[in-house]
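What follows draws every value from the coordinates through simple rules; no lab data is involved. Quantities reported herein were computed from a predicted structural model and do not represent experimental measurements. Cβ atoms come from the backbone with ideal geometry, glycine included; neighbour counts cover every protein chain shown.
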Amino acid sequence: GLPVASIKELSQKHPKPSDIKFTYGTAGFRTLASVLDSVLFRVGVLAGLRSKKLDGKTIGVMVTASHNPEHDNGVKLVDPRGEMLESSWETHATTLSNASSTDEFITALEAFVKDANIDLSKPASVVYAMDTRPSGPPLVSALEDGLRAIGAEGRNAGVTTTPILHYLVRAINTKGTAEAYGDDSEHGYYTKLTNAFKKLVSARPTPPPLLIDCANGVGANAAKRLAEYLGDTLSLVLENTSITTPGALNNACGADFVKTSQKLPSSLANIIKPGQRGCSLDGDADRLMYFHLDDHGQFRMLDGDKIAALVAAFIVELVKAAGLDESIKVGVVQTAYANGASTKYLAERLPVKCVSTGVKHLHHAAEHYDVGVYFEANGHGTVLFSPETLAKLADYQPSTPTQSTAVEHLVNLTQLINQTVGDALSDMLLVEVVLAHKAYGGLEWDSLYVDLPNRLVKVVVADRHIFKTEDAERRLTSPVGLQAKIDSLVGKYEGGRSFVRPSGTEDVVRVYAEAVVKSQADELAFRVAGLVY
Ligand code: 16G
Ligand code: ZN
């Protein structure tokens, strides 16, 4: 049975605040750091149980609140292949986190162990890490108490990025197998990425230095180490690296700031030069936004949609050049937030699927392609190569030198890309590879298509849960009648498109609108918001 005495003793050190309801949402648990102590303890216990359920495979736990303000924190679990926690367990996490006392927690655990049929005699192993938030260390201690309570073996991966933690989980679980993902260390991660990068850009001219806005977060440490491994193949200029300055994290900088304000962080204003390209990471380095200043010094944003267009088109070309276009099908996954112009550009070249917001939906849809490219407009994304595709690439006998080179590039891309989850640093190297191969600067990349003007507004409503959607969140089914009103408004705008969905992370409803002219996109967004309110 459960080690009740040890759980009881340790749980009492981590009482649940009485007035709070926790939810394991799209990004795990995420809220004010000051109320999360009991959640971390319980997540420790749950991670141990998840590992036991999966026959002792290593589970990951990441302590981060990503792009949120510094006073927030959060925690999410990572499944053995480095993917996000299976969704049925999200509900269990929520239930356990809300048990009001230690006794209730133990009762809930006992019921769960029985229902989920968990063999408690199995070993448990958990690897965990945190971002640079000052609230991280005490929360990690609470997590460690949870691991101790359930008798799980813990490995502390220290302060690192979310994608590195995902990498470690997969590397640990595939160690010594035919699918070995890489050495299970940060050294293994940097070596894998940079070796592939160096092969992919060899014989190409060295590009001008790349400016990186590190959001004053953990990406600063990681980018610094990456730079050492890159040597002179690509020079990185690191900015916003103040990881110990209170309040600096994500403050007026980082990928989320750039995407939502569509502005250059003012901290970069005197650093970036006309014609130069740069990029922003978010607080845990799993999102990436590029930008460049055109020759007139005008700021141009290159978001997740632009990255998807650049990367997907490149992979399609390589597959064709390799002579594999009959047997390897490349597809793209986007959400309703993808700019209509990006969807049009992509759909002319390959199949495009639209799914609901949230990484897990994109990831799962991308797994259905031989090569699945997915990016959210906010800069989170990656490329997945199916196991059959990896085998095909390994076994392929090219019949011309062109084919041979193209296959080699594809194989190197499978090593360069972190296939567990979106990874700002891996994605950044991927973008740099494509730019080098196409001899593109920011301007040429930006010109692949012209973004349709768009506007995103949030509306505070009495109850956002009455808003229900279908068709990948593009249409409302409830409140009844509202969608018809939206449709009739949209019909009045040239190139009009608009949709309404409840946020999964904030207590608001979001309204998105697009039109051919900026003022019309704004007007459409506000008129639809007026219907919702
Ligand atoms: C979460 C999601 C992100 C999504 C965002 C939407 C993960 C790991 N993160 O941050 O993918 O874009 O929520 O937020 O799935 P919203 O529901 O508030 O619009
Ligand atoms: Zn993030």
Completion exercise
So, relative contact order of the chain in percent, Cα under 8 Å, 6 or more apart, is 12 percent
Fill in the blank from the handout: re region 187-299: pairs of Cα atoms spaced beyond 16 Å account for a percent value of 60 percent
Practice task
Please tell me the relative contact order of region 304-446 in percent, rounded to the nearest whole number, where contacts are Cα pairs under 8 Å and at least six residues apart.
Solution key: 27 percent
Exercise for the section: Find how many whole Å separate the alpha carbon centroid of region 134-204 from the alpha carbon centroid of region 452-514. Expected result: 39 Å
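Rounded to two decimals, what is the ratio between the C-alpha radius of gyration of region 304-446 and 2.2 N^0.38 Å? Don't skip to the answer; put the middle values down first.
Working: Rg = 14.2 Å, N = 143, 2.2 N^0.38 = 14.5 Å.
That ratio works out to 0.98.
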Exercise for the section: Using per-residue counts of other Cβ atoms within 10 Å, averaged over each peptide, order 255-268, 129-142 from highest down. Expected result: 129-142, 255-268
Exercise for the section: Provide the FRET efficiency to the nearest 0.05 for the residue 100-residue 273 pair, computing r from the beta carbons and using R0 = 45 Å. Expected result: 0.20
Fill in the blank from the handout: One finds the C-alpha centres of region 207-227 and region 403-419 to be spaced, in Å, by 24 Å
Fill in the blank from the handout: Taking 286, 19 and counting other beta carbon atoms within 10 angstrom, the fewest-first order is 19, 286
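Starting from the Cα gyration tensor of the chain, multiply each eigenvalue by 5, take the square root, and state the resulting semi-axes largest first in whole Å. Let's see the in-between values first.
On the way: eigenvalues 259, 179, 106 Å².
Working through the eigenvalues yields semi-axes of 36, 30, 23 Å.
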Problem - All-pairs Cα distance distribution in region 4-159, expressed in whole percent, bin size 5 Å - result: 2, 10, 21, 25, 23, 13, 5, 1, 0
Handout entry: In Hz, Karplus ³J(HN,Hα) per residue of region 293-300 (6.51, -1.76, 1.60; θ = phi - 60°; x = Gly, Pro)
Key = 9, 6, 5, 8, x, 7, 6, 10
Handout entry: Sequence of 122, 273 once ranked by neighbouring C-beta atoms within 10 Å, starting from the fewest
Key = 273, 122
Handout entry: region 454-532 pair-distance distribution - Cα-Cα, 5 Å bins, rounded %
Key = 3, 18, 29, 27, 16, 6, 1
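How far, in nm, would the chain grow between residue 122 and residue 395 when pulled straight, counting 0.36 nm per residue and subtracting the alpha carbon separation? Kindly include the intermediate steps, with their values, before the conclusion.
Values: separation 273, 0.36 × 273 = 98.28 nm, distance 3.80 nm.
Length difference between fully extended and current span is 94.5 nm.
Tell me the relative contact order for region 281-347 as a rounded percent, counting alpha carbon contacts under 8 Å between residues six or more apart. Intermediate values should be presented prior to the final figure.
Numbers: 44 pairs, mean separation 16.2, N = 67.
For region 281-347, the relative contact order is 24 percent.
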Problem - For region 1-41, fraction of C-alpha pairs farther apart than 11 Å, in % - result: 69 percent
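Just rank 112, 385, 526, fewest to most, by other beta-carbon atoms within 10 angstrom. Can you show the working numbers first?
Working: 112 17, 385 23, 526 14.
The most exposed by this proxy come first: 526, 112, 385.
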Problem - Peptides ranked, highest mean first, by Cβ atoms within 10 Å: ranges 326-336, 241-251 - result: 326-336, 241-251
